[in-house]
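Notes follow the structure.
The values are calculated or read from the model by the stated rules, or taken from the named source; none is laboratory data. Nothing here was measured: the structure is a model prediction, and the numbers come from that model. For neighbour counting, all protein chains shown are included, and Cβ atoms are generated from backbone atoms with ideal geometry for every residue, glycine included.
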Amino acid sequence: MLISIIITTYNSPDYLRVCLNSFTHQTDKNFEIIIADDGSTKETKNAIKEYNNNNFKIFHAWHEDQGFRAAKIRNEAVKLSSGEYLIFVDGDCIAFKDFVKNHRSLSEKGYFSRGNRVMTSENFTKEIINKDININDICFANFIKLRIQKKINRLIPFFRINKYPFRKILKKKWKGAKTCNLGVWRNDFKNINGYDENYIGWGREDSDFVIRLINSGVYRKEATFSTGLLHLNHKINSRENFSKNDKLLHEAISMKKKFIKNGYRK
């Protein structure tokens, strides 16, 4: 089964390079990458070209910069993809070498997989970028040191428990499921018409997406203790449109939406 990794980015080529580099170390090689580029300048395009001769196919979905339109560019990226299973990742995240392998093992019909992440400090983020650190070479004892030094905010996503017994305990909970680390079947994505492109500006488009999956009978499966990512520190995006997006989300909840018109297919 081919897996499509959808990586969202915007004018952060240094972060994207680190993200892409983490996928060169994957033990499971049967995947392609589609960059969902929300209007970046040519520096991002140049960063992507650096990886075009690697062991995985990489495609570039781009549209003009008209503000934060992550929902739309993710839909456009999926249109370029060929995988039966989709994994959404943010371009400021770093995957461990077992990321694709573990997402594949957790994929199950009728479920989407929700992973978690570790936040890094500003200083540790600079170290990772400037020193080209391979996170797979960091032993767990050193991650404990990093936690004590407050260079990372927690340790749980580093643990691996193959037979974690509580993967379906929160199957109808949408809160906490974010598209910085989320796996979903392509058919389930299409059945709800993907992301709602009415969400413009930061926030809530991923929650809306998850809510409609649950409403359509596709439930949450925890990828905790299997697919944890490192999330690099960066400036917080503008929240100026958040109240409008929050209103759209509450409409999706109250109306028990499953399918939206302004989505993957018009």
Original post:
Restricting the search to region 121-131, which residues are in a loop (DSSP other than H, G, I, E, B) and without any contact (Cβ under 8 Å) to a residue 40 or more places away in the chain?
Top reply: LYS131
Subject >> Scan of region 223-262 for residues that are of a type in the set (A, V, I, L, M) and under 22 Å from ILE156 (Cβ atoms), ordered by number >> reply: ALA223, LEU229, LEU230, LEU232
Subject >> Scope region 20-36; condition over 11 Å from TYR51 (Cα atoms) and either surrounded by 22 or more Cβ atoms within 10 Å (Cβ to Cβ) or touching a strand residue (DSSP E or B) at 6+ places or on another chain (Cβ under 6 Å) (or both); matching residues >> reply: SER22, PHE31, GLU32, ILE34, ILE35, ALA36
**OP:** Tell me which residues, restricted to region 171-212, are among the aliphatic types (A, V, I, L, M) and either without any contact (Cβ under 8 Å) to a residue 12 or more places away in the chain or closer than 21 Å to CYS93 by Cα (or both).
**Re:** ALA177, LEU182, VAL184, VAL210
Original post:
Which residues, counting only those in region 217-241, are surrounded by 15 or more Cβ atoms within 10 Å (Cβ to Cβ) and farther than 30 Å from ASN136 by Cβ?
Top reply: VAL218, TYR219, ASN241
**OP:** Confirm whether ILE129 is in contact with a strand residue (DSSP E or B) (Cβ under 9 Å, 6 or more places away or on another chain) and either at pLDDT 95 or above or under 20 Å from SER12 (Cβ atoms) (or both).
**Re:** no
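A quick yes/no check of all residues on (1) touching a Gly at 6+ places or on another chain (Cβ under 7 Å); (2) assigned to a loop (DSSP other than H, G, I, E, B); (3) within 20 Å of GLY194 (Cα to Cα):
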position	(1), (2), (3)
ASN11	no, yes, no
ASN21	no, no, no
ASN46	no, no, no
ALA61	no, no, yes
ILE73	no, no, yes
LYS79	no, no, yes
ASN102	no, no, no
